[in-house]
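Worksheet: the structure to be examined is printed underneath.
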Amino acid sequence: MDTKDLLSITGSLTTILQFLAGIPICRDIWRKGSTDGISGLPFLAGVLGCSLWFRYSLILQDQTMCLVNLIGLILQVCYVLIYLLYPSTQKATFHRQLGTILAILFGVIYYCSIEPKVDIAKFRLGVICCLTTLFFCASPLASLRDVIRMKNTAPLPFPLILLTALVTGQWYLYGVCIGDSVVQLPNLIGCMIATFQLSLFLVYPRTPAVKPHTLKTTTL
């Protein structure tokens, strides 16, 4: 077994494990009986990312990437359907987000189907895939200000960040093996972002610091 085959297996397994992160969220929805307080945007983002990378892998004719993203797409669609089944006060917002995602997907797929030059379609779709991946990898950075202000890493999802570092690192190496810069670039940057976030756990504690209580005396 060469390096490429090893990375394709390990990268696929860790990526599918990352896709399964939606199951606990769906379980919470089922227990609550509604989606109130739970954002469906991560599921829609998963549909968008998996769809774009699946389309790119078809152009690239890479079976490993096709399989992984197809599995991810099926799981994300299931999550979206579960989200739609339960009542929510944010249903109208979710429908607008869903419409936007579908419009983007249909637009990209239509363009790829009518572009006569495959290399141009591959390049432009690759740019879109890169930007989408970088946006998702950097999303936990939105909590960075809170981490620094509170001097603890409680707002950061450690398991998700660790898994992101593993997944992006493996796919970067896989991109090196197949010689595809579109696969290499976003995963390299994503791995660097995730590694930086992991380093914050070495600087700040996981739980907020407890302030010492001051002893109050009462004057009679």
Residue that is surrounded by the fewest Cβ atoms within 10 Å (Cβ to Cβ) [pool: residues in the stretch 56-83 that are of a type in the set (Ser, Thr, Tyr) and farther than 18 Å from ILE128 by Cα]: THR64
Condition met for PRO42 (outside any helix (DSSP H, G or I) and either at pLDDT below 90 or among the aliphatic types (A, V, I, L, M) (or both)): no
Test: residue in the stretch 137-157 that is hydroxyl-bearing (Ser, Thr, Tyr) and more than 21 Å from the chain's Cα centre (by Cα): no
Residues of the stretch 44-67 classified as within 14 Å of the chain's Cα centre (by Cα) and without any contact (Cβ under 8 Å) to a residue 60 or more places away in the chain, total: 5
In the stretch 7-27, residue surrounded by the most Cβ atoms within 10 Å (Cβ to Cβ) [restricted to those that are small (Gly, Ala, Ser) and within 17 Å of PRO159 (Cβ to Cβ)]: GLY22
Helices (runs of 4 or more DSSP H) contained entirely in the stretch 49-149, each with at least 1 residues that are hydroxyl-bearing (Ser, Thr, Tyr) and under 25 Å from LEU160 (Cα atoms): 63-85, 118-138
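The values are calculated or read from the model by the stated rules, or taken from the named source; none is laboratory data. Everything quoted here is computed from the prediction, not taken from an experiment. Methodologically, a virtual Cβ is constructed for each residue, glycine included, from the backbone with ideal geometry; neighbour enumeration extends over all protein chains shown.
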